[in-house]
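Data block below; observations after.
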Amino acid sequence: MTCRVARATSKWSFGYRSLQRYAKITRMSGPSLDPGSLRVLGGLSMGPMIEDMAQRTMGDGALSDRQPPRPALVAMDVDGTIAGADHGLSPYTVRTLRLLGERGIAGVIVTGRAEGVALSIARELQFTAPVISCNGAVITDPVTGARLRVRQMDPEVTAHAVEAARRLGCSPTLWTPDAWFADEESVTTELLTHLLAEPPRFRPLAEVIAEEKVVKVMVGGDPEHLDRVDEALRAEVPGLTRSMPQFCEVGAPDATKLEAIAFVLDALGVASEAAWGFGDSDNDVGWLGLLGRAIAPENALPGVRAIAHEVIGHHAEDSVAAYVEEHILGSG
């Protein structure tokens, strides 16, 4: 077990001030979170909707006041974490994770996948907590389908990311909350079509940038090629993170998994130390470092393993489900 570095140890109930404290401790780059953004979307109060979700998901108790022997919330990445080598969920994983809700533990999907796929996974697992998709750019209520938070990229930044990806020999795709776009077929589009069970919409990317609300740029390529150009890509595209061996991603500065999990914790009234998380990639480091316990599968990237409390088996061996069964469901 490794020691956690640079994490907030305060026992506050999670909210705006605790995120600001965490940001200060870790010197997190990017703009500060607007305290009003956690409860307001598009100028409309989200209070009633949020309160309904918290009641539906967590029941009557105030989570920040309870000290259960197990977590109040378990957040999990999909690819490389709860999904197997075929990028699907095994029957064992589905059966096991469904039991979280029966035990009064909120399950939260935190993924780079598109909103529709993420919602399908959450519904299959019978999760009712908000679903985080598009790498944190979109947060959706899986019961009502209402979008609780959407963060759009700046068009100029999007265009530069596309140009840089192409110049460095990679294949860019653009994502909106409703679809993903490419301007030519490639190995990247073939893999994404398999993962998403949905083909891209083929359009010139410059046209997509001008006419659509883009929330994410995904840069695809052969893993060895991405390894070679990783430093150059990150220098060209601030905020870019590796999400899978074949992909890097970037969104708006406030469209990260960290910002999104902060929103969900605040919405459900869950203290950060009462939440546990599972993840494997660079884009999981920030939000895992915020939670009370971080667990990484054996296949996780070095940055994730470095901040994890525990490293378990390989994702292809249903290691997350096995851990949940033994250490969370079996703890009470």
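With no solvent and one equal point scatterer placed on each C-alpha of segment 156-277, evaluate the Debye formula and give log10 I(q)/I(0) for q = 0.13, 0.15 Å⁻¹, two decimals. The calculated log intensity ratios at q = 0.13, 0.15 Å⁻¹ are -0.55, -0.71. Ordering 113-124, 319-330 by mean Cβ neighbour count within 10 Å, with the highest value first, yields 113-124, 319-330.
Arranged from fewest to most other beta-carbon atoms within 10 Å of their beta carbon, LEU291, LEU195, LEU268 become LEU195, LEU268, LEU291. The 3J(HN,Hα) values that the Karplus relation (6.51, -1.76, 1.60; θ = phi - 60°) gives for segment 294-300 are, in residue order, 10, 10, 10, x, 4, 7, 4 Hz. Gly and Pro appear as x.
Residues TRP180, TRP175 in ascending order of nearby Cβ atoms (within 10 Å, fewest first): TRP180, TRP175. Spin-label model, ARG167 to HIS194: label points 7 Å out along the Cα-to-beta-carbon direction sit 3.2 nm apart.
Each value in this text was obtained by applying a stated rule to the coordinates, not by laboratory testing. Predicted, not measured: the structure shown is a model, and the values here were computed from it. Cβ: placed from backbone, ideal geometry, glycine included. Neighbour counts: every protein chain shown.
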